[in-house]
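Participant: Let me begin by handing over the structure; questions about it come next.
The values are calculated or read from the model by the stated rules, or taken from the named source; none is laboratory data. Since the structure is predicted, the reported quantities are computational estimates derived from the model, not experimental observations. In this analysis, Cβ positions are derived from the backbone assuming ideal geometry, glycine residues included, and neighbour counts consider all displayed protein chains. Side chains included, ligands, DNA and RNA excluded: accessible areas come from the protein's heavy atoms. Shrake-Rupley method; radii C 1.70, N 1.55, O 1.52, S 1.80 Å.
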Amino acid sequence: MRELPKEMVLPASMVPDEFPDPPVTPKDAATVVLLRDTDAGLEAFLLRRVMGMAFAGGMSVFPGGGVDRRDADADIAWAGPEAEWWAEKFACPVPLARALVCAAVRETFEESGVLLAGPDENSVVSDTRPYASARKSLVDREFSLAQFLNDNGLVLRADLLRPWANWVTPAEEPRRYDTKFFIAALPEGQRADGSTSEADHAEWRRPADAIGMWKAGERGLLPPTWMTLVDLGEQAGVADAMAADRTISKIIPKVIREGRILRPVLPGDPAYDRAAGHLDARPDDTIGE
């Protein structure tokens with residue numbers, strides 16, 4: 001695994017002066033990296049979280065969020081790899097795998113307006129404007145993703161997603177997530193709008209450009225976002241990224257203090273084994289709240 005750059009530091013507000021002991025149990029979450037091809041190359045869709053938010057305020061991130069218990073609703077039309085396939089890829093229980101895929105589709109629609117669903121298993125919605133009010137209702141938790149899809153005669157297109165990575169928030173942080181990262185190509189005819197109360201800016205960026213803006217101090221990136229952008233920057237285009245055969249394993253950074261600086265380190269970094277260690281036990285069959 002590649003090391004994080006030495007200039008990668010965490011905002012002081014993300015880590016308390018005294019680390020939680022025992023560590024907070026991570027909540028299950030899903031993140032989707034939307035991709036598109038342009039004349040300039042592959043681009044990824046990024047949201048800048050509103051400053052002052054409890055987690056990652058001011059940081060540029062991909063659409064995503066926590067798993068809702070209703071995401072595990074089995075009464076849903078589904079096309080593509082079944083939950084068992086996703087469970088094997090992410091090394092998690094089948095019910096959780098199903099909930100993660102549903103959360104990925106729901107959160108992508110809520111935060112970007114992109115809907116990975118269609119009238120049947122061979123098509124995808126090309127215009128999401130008719131579902132604008134339903135999008136708001138999903139955000140407000142007035143009904144579940146399953147109810148929304150069933151009421152509108154839509155099929156969840158799990159085949160439009162691909163597994164990419166699994167990141168767990170460091171044990172030193174008070175808010176933690178066990179996040180499964182997916183990638184997906186922007187469906188033809190749809191647009192990502194970033195119309196969400198959780199973000200104040202949305203943009204498409206080539207991975208190299210996004211990292212360059214981070215180096216210039218113009219964007220904030222956390223380790224999972226930085227690493228994902230670096231990996232995607234090695235792909236020739238969306239088709240290559242979607243076809244990549246990824247081996248998924250949990251990546252759990254640690255946090256070290258260097259004076260007043262908080263620096264995240266990854267397994268393989270010489271400082272990782274010297275960092276404070278924590279047990280990170282959690283039930284295997286937990287579906288996050």
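Participant: For T196, all conditions in the list (1) among the polar types (S, T, N, Q); (2) open to solvent by less than 60 Å² (accessible area, probe 1.4 Å); (3) at pLDDT 95 or above hold save one; what is the number of the exception?
Facilitator: (3)
Participant: Same structure, new question: Report, by residue number, each residue of the range 213-228 that is under 27 Å from K250 (Cα atoms) and loosely packed, with under 14 Cβ neighbours inside 10 Å. Quick ask: steps written out before the conclusion?
Facilitator: Filtering the range 213-228 down to residues under 27 Å from K250 (Cα atoms) leaves 214-215, 219-228.
If the condition is that a residue be under 27 Å from K250 (Cα atoms) and loosely packed, with under 14 Cβ neighbours inside 10 Å, then K215 is the only one that fits.
Participant: Given the residues L116, L100, L161, L96, which is the only one that is among the hydrophobic types (A, V, I, L, M, F, W, C) and either more than 30 Å from P267 (Cβ to Cβ) or open to solvent by 40 Å² or more (accessible area, probe 1.4 Å) (or both)?
Facilitator: Numbers: L100 fails: either more than 30 Å from P267 (Cβ to Cβ) or open to solvent by 40 Å² or more (accessible area, probe 1.4 Å) (or both); L161 fails: either more than 30 Å from P267 (Cβ to Cβ) or open to solvent by 40 Å² or more (accessible area, probe 1.4 Å) (or both); L96 fails: either more than 30 Å from P267 (Cβ to Cβ) or open to solvent by 40 Å² or more (accessible area, probe 1.4 Å) (or both).
The unique qualifying residue is L116.
Participant: If a residue must be in a helix (DSSP H, G or I), touching a residue at least 40 places away in the same chain (Cβ under 8 Å) and open to solvent by less than 40 Å² (accessible area, probe 1.4 Å), how many such residues does the range 140-157 contain?
Facilitator: 3
Participant: Also: One residue is enough: does the range 50-59 have a residue meeting the conditions under 30 Å from P16 (Cα atoms), in contact with a His (Cβ under 8 Å, 6 or more places away or on another chain) and outside any helix (DSSP H, G or I)? Lay out the reasoning, then the answer.
Facilitator: Quick first cut of the range 50-59, residues under 30 Å from P16 (Cα atoms) only: 50-59.
Now restrict to residues that are in contact with a His (Cβ under 8 Å, 6 or more places away or on another chain): none.
Looking for residues that are under 30 Å from P16 (Cα atoms), in contact with a His (Cβ under 8 Å, 6 or more places away or on another chain) and outside any helix (DSSP H, G or I), one finds none in the range 50-59, hence no.
Participant: Confirm whether A29 is assigned to a helix (DSSP H, G or I), in contact (Cβ under 8 Å) with a residue 12 or more places away in the chain and of a type in the set (G, A, S).
Facilitator: No; evaluated as a whole, the condition is false for this residue.
Participant: Identify the single condition in (1) polar (S, T, N, Q); (2) within 26 Å of P81 (Cβ to Cβ); (3) not in a strand (DSSP E or B) that S133 does not satisfy, given that it satisfies every other one.
Facilitator: (2)
Participant: Residues that are among the charged types (D, E, K, R): which strands (runs of 3 or more DSSP E) entirely in the range 174-271 hold 3 or more of them?
Facilitator: Values: elements: 177-185, 199-205, 254-258, 261-265.
Fully inside the range 174-271 and qualifying: 199-205, 254-258.
Participant: Here's something else I'd like to know. Go through D231, D240 for me and flag whichever is closer than 17 Å to R36 by Cα, modelled with pLDDT of 95 or more, open to solvent by 40 Å² or more (accessible area, probe 1.4 Å) and of a type in the set (D, E). Even if it seems obvious, please write down each step before you answer.
Facilitator: On the way: D231 fails: open to solvent by 40 Å² or more (accessible area, probe 1.4 Å).
Just a single option satisfies the conditions, and that option is D240.
Participant: Tell me which of these V105 doesn't satisfy, since it passes every other one: (1) touching a Leu at 6+ places or on another chain (Cβ under 6 Å); (2) open to solvent by 10 Å² or more (accessible area, probe 1.4 Å).
Facilitator: The number of the failed condition is (2).
Participant: Quick one: is A134 within 18 Å of A79 (Cβ to Cβ), crowded, with 16+ Cβ neighbours inside 10 Å and of a type in the set (G, A, S)? Break it down into steps so the answer makes sense when it comes.
Facilitator: Working: within 18 Å of A79 (Cβ to Cβ): no; crowded, with 16+ Cβ neighbours inside 10 Å: yes; of a type in the set (G, A, S): yes.
Considered against the rule, which asks whether it is within 18 Å of A79 (Cβ to Cβ), crowded, with 16+ Cβ neighbours inside 10 Å and of a type in the set (G, A, S), A134 comes out as no.
Participant: Would it be correct to say that A158 is aliphatic (A, V, I, L, M) and more than 27 Å from F90 (Cβ to Cβ)? Give the steps one after another, and end with the answer.
Facilitator: Values: aliphatic (A, V, I, L, M): yes; more than 27 Å from F90 (Cβ to Cβ): no.
For A158, the condition - aliphatic (A, V, I, L, M) and more than 27 Å from F90 (Cβ to Cβ) - is not met.
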